[in-house]
Amino acid sequence: MKKITIAFVLLACSMIGAAQTLPAIIPQPVSLGLRTGNFELNAQTRIEVSGSPEALRVAEMLATQLRPATGYALPVGNGFTKTVKSNLIAFELNKSADITLGNEGYSLDIQPSSISIKANKPAGLFYAVQTLLQIFPKEIGGKTLIKKTYWSLPGLSVTDQPRFAWRGLMFDVSRHFFTKQEVKDFIDNMVKYKYNLLHWHLTDDQGWRIEIKSLPKLTSVGAWRVDKTGNFGSFSAPTEDEPKTYGGFYTQEDIKEVIKYAADRFVDILPEVDVPGHSSAAIASYPELTCDPANVRVSSGEKFMQWHGGGKFDALVENMLCPAKETTYEFLDKVFTEVAALFPFPYIHMGGDECAKNFWEKSSAVKELMEREKLKDMHEVQSYFVKRVEKIILAKGKKMIGWDEILEGGLAPSAAVMSWRGMKGGTEAVKMGHEVIMSPNTNAYLDFMQGDASMEPPVYNSLRLKTSYEFDPMPEGADPKLVKGGQANLWTEQIYNTRHMQYMLWPRAFAVAESLWSPKEKKNWKSFVERTEQHFARFDEAEIKYSPAMYDAIVKPTLTEAGQLKIDLSTEVDGLNIYYSFDNSFPDRYYPKYTQTLTPPKDASTMKLITYRGKNVVGRMMVIPIADLQKRAAKK
Ligand code: ACM
């Protein structure tokens, strides 16, 4: 009898324990509370919709997403009557708007009898579905059929809406090309974390990726380059006889298809045509676009810029359009006419970043332009160019946005600014009354290395998950109406394929998603890490790659005044132990545990590190030559 009582108490405790665990939702909702009981989804569950055809489409998307893992063909009925009261998922568009929910907010109520989803707009229903899918057991995201009689969801009440309206991810498809299907997959994954804007970086030195019918060479020439593999940016220069086999572009039909695919998922697409710099692909196609005749090819990853540090640089090839030729503006008029006709989004991004001035400085045409227009320096020349582009874009009925260099020499009157060199440019632009998107390289550059340099494909800078998580797009005292939101940027110089693209995005794009959606006061690093780990398990099911760098040791080498190397170790994630060796063998948890600053033995050549949580390995084996640590320490 006693045994039965104990067993019962234990069972009851474990049930309460289970029921008390909040599901791991990213981004963290505004409010999330447990209810008693569970909803059991089974083959008889009905989905009913009261609202627009768009609401019905959202409900149908849920049914489609539930199908592979459950095997259930759940019926979706239009015309929700409230007569069916049990085993129901009910989607409802509010008849009179609930002002607390805005355009993208929702309420989601999971009770034993039914799940109720309400929103003012279909987008809100869609975000409720994303939350609901994260509440299901992780297997729901897999492609494997799991035979079970029901899927249990905890009773829950969620009310949610975003902090920012612009929640973007930038995808560079120029440096490496990603197919239409890969772009759709990218969209599928971004919406799971409630991103609503794809900034599509369509042109750059390494490839022009959008068909412009009136300028066919942009894609017949500009979309193709020599195929190189290795450390992008330091390849040998291609020779004339090397075939240009790498590349690709989107036809206008492809673009329309992707725009529709995105719109069905409440994602807007911001197209970027990056000018006047970053234009080798355009110039290779139409050489007359430079000020002086130049032999420019589509870059294949060879060095073509000289970076002097401190934000100073020169171009080694003339990769910038000529601001002093009318034909440049005629070219851009053609480009933006077609871009504006294709993309429904009200903004067009004209780039404007990293335009080297050394060729303009030598050009007699630019000198004449400066005299004629009374432009006193190269910044004003650039500003003249940007203002001309703004006029073209406005004439197409669109608003112009550019990287923060467009502030230099005077900002175009109606331009919106995308702040990438930190938040400074954006903060200045807000003060001047301009709209701003924050995508600072300090927090939101997902091409940067996310772990130790010894572990990652080499990139010129690092950005750890925790620093991404610290992103707050709202500068103190700024007008919140002008700071439209933020985005993370994925440049693809070192990203050759979709698996690595995923590795670079996740989990840092979780962190930025939470910075853009969740209330600031709801953000919590410890909780975020716990939820991230659960999403790793979801990604394993869904076969999406992610980086485990947050488990690796952080290595800080320094030199004492006497030149002695010292090594400090730490981890981003609490509760991990680091074990090390200097004897070339592979450490495990029976090796020395790191407790304080290390001094490598005099003749040691390599340090090896591994992290554990309790008895389980969580980090990767790190192998770092002592000579590299010496070099790193000397640099600081
Ligand atoms: C940029 O990263 N050049 C905008």
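The values are calculated or read from the model by the stated rules, or taken from the named source; none is laboratory data. All values reported here derive from a predicted model rather than from experimental measurement. Methodologically, a virtual Cβ is constructed for each residue, glycine included, from the backbone with ideal geometry; neighbour enumeration extends over all protein chains shown.
Annotations for the structure displayed:
- SER300 meets each of the listed conditions (1) touching a Lys or Arg at 6+ places or on another chain (Cβ under 8 Å); (2) surrounded by fewer than 16 Cβ atoms within 10 Å (Cβ to Cβ) apart from (2).
- Criterion: of a type in the set (Lys, Arg), in contact (Cβ under 8 Å) with a residue 12 or more places away in the chain and part of a strand (DSSP E or B) - qualifying residue of LYS118, LYS184: LYS118
- Each residue in the stretch 454-473 was checked for being touching a Phe, Trp or Tyr at 6+ places or on another chain (Cβ under 9 Å), over 24 Å from LEU609 (Cβ atoms) and surrounded by fewer than 20 Cβ atoms within 10 Å (Cβ to Cβ), and 1 of them qualify.
- Here is the figure for the stretch 458-500: residues that are modelled with pLDDT of 95 or more, within 15 Å of the ligand (Cβ to nearest atom) and farther than 15 Å from HIS176 by Cβ total 5.
- Of all residues in the stretch 338-358, at least one satisfies being β-branched (Val, Ile, Thr), part of a helix (DSSP H, G or I) and under 26 Å from ASP254 (Cβ atoms).
- Residue ranges of helices (runs of 4 or more DSSP H) in the stretch 215-329 with at least 2 members more than 16 Å from the ligand (Cβ to nearest atom) and farther than 23 Å from VAL183 by Cα: 280-285
- Of all residues making up the stretch 203-222, the number that are surrounded by fewer than 24 Cβ atoms within 10 Å (Cβ to Cβ) and not basic (Lys, Arg): 7
- Residue pairs whose Cβ atoms lie under 8 Å apart, sitting 6 or more positions apart in sequence or on different chains, and linking a residue in the stretch 472-491 that is in a loop (DSSP other than H, G, I, E, B) to a partner that is modelled with pLDDT of 95 or more and of a type in the set (Ser, Thr, Tyr), are ASP472/SER515; PRO473/SER515; PRO475/THR427; ALA478/THR427; TRP491/TYR445.
- Exactly one residue out of ASP333, ASP353 is within 16 Å of the ligand (Cβ to nearest atom), surrounded by fewer than 20 Cβ atoms within 10 Å (Cβ to Cβ) and of a type outside the set (A, V, I, L, M, F, W, C): that is ASP353.
- On the stretch given as the stretch 157-184, residues that are in contact with a strand residue (DSSP E or B) (Cβ under 7 Å, 6 or more places away or on another chain), closer than 26 Å to LEU108 by Cβ and surrounded by 19 or more Cβ atoms within 10 Å (Cβ to Cβ) total 7.
A quick yes/no check of all residues on (1) surrounded by fewer than 18 Cβ atoms within 10 Å (Cβ to Cβ); (2) on the phi < 0 side of the Ramachandran plot; (3) among the β-branched types (Val, Ile, Thr):
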{"position": "ASP552", "(1), (2), (3)": "no, yes, no"}
{"position": "ALA562", "(1), (2), (3)": "yes, yes, no"}
{"position": "THR571", "(1), (2), (3)": "no, yes, yes"}
{"position": "ASP574", "(1), (2), (3)": "yes, yes, no"}
{"position": "PRO587", "(1), (2), (3)": "no, yes, no"}
{"position": "TYR590", "(1), (2), (3)": "yes, yes, no"}
{"position": "GLN596", "(1), (2), (3)": "yes, yes, no"}
{"position": "LYS602", "(1), (2), (3)": "yes, yes, no"}
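- Counted residues, the stretch 122-156 - those being within 25 Å of the chain's Cα centre (by Cα) and buried (at least 17 other Cβ atoms within 10 Å of the Cβ): 18
- Subset of the stretch 582-621 (residues that are closer than 24 Å to TYR546 by Cβ and among the hydroxyl-bearing types (Ser, Thr, Tyr)): THR611, TYR612
- The stretch 512-541, subset touching a Lys or Arg at 6+ places or on another chain (Cβ under 8 Å) and of a type in the set (A, V, I, L, M, F, W, C), residue farthest from THR442 (Cα to Cα): ALA537
- Lone qualifier among LYS608, LYS602 - being farther than 20 Å from LYS466 by Cβ and under 36 Å from the mean Cα position of the chain (by Cα): LYS608
- Candidates TRP506, TRP525 - the one that is surrounded by fewer than 21 Cβ atoms within 10 Å (Cβ to Cβ), out of contact with any Pro (no Cβ under 6 Å at 6 or more places or on another chain), under 30 Å from TYR106 (Cβ atoms) and of a type outside the set (Ser, Thr, Tyr): TRP525
- Scanning the stretch 356-366 for residues that are within 14 Å of SER383 (Cα to Cα) and either hydrophobic (A, V, I, L, M, F, W, C) or within 15 Å of the ligand (Cβ to nearest atom) (or both) returns ALA356, TRP360, VAL366.
One line per residue, one yes/no per condition, for (1) surrounded by 20 or more Cβ atoms within 10 Å (Cβ to Cβ); (2) touching a residue at least 24 places away in the same chain (Cβ under 8 Å); (3) outside any helix (DSSP H, G or I):
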site: GLY33; (1), (2), (3): no, yes, yes
site: ASN38; (1), (2), (3): no, yes, yes
site: GLU54; (1), (2), (3): no, yes, no
site: MET61; (1), (2), (3): no, yes, no
site: ARG67; (1), (2), (3): no, no, no
site: GLY77; (1), (2), (3): no, yes, yes
site: LEU101; (1), (2), (3): yes, yes, yes
site: ASP109; (1), (2), (3): no, yes, yes
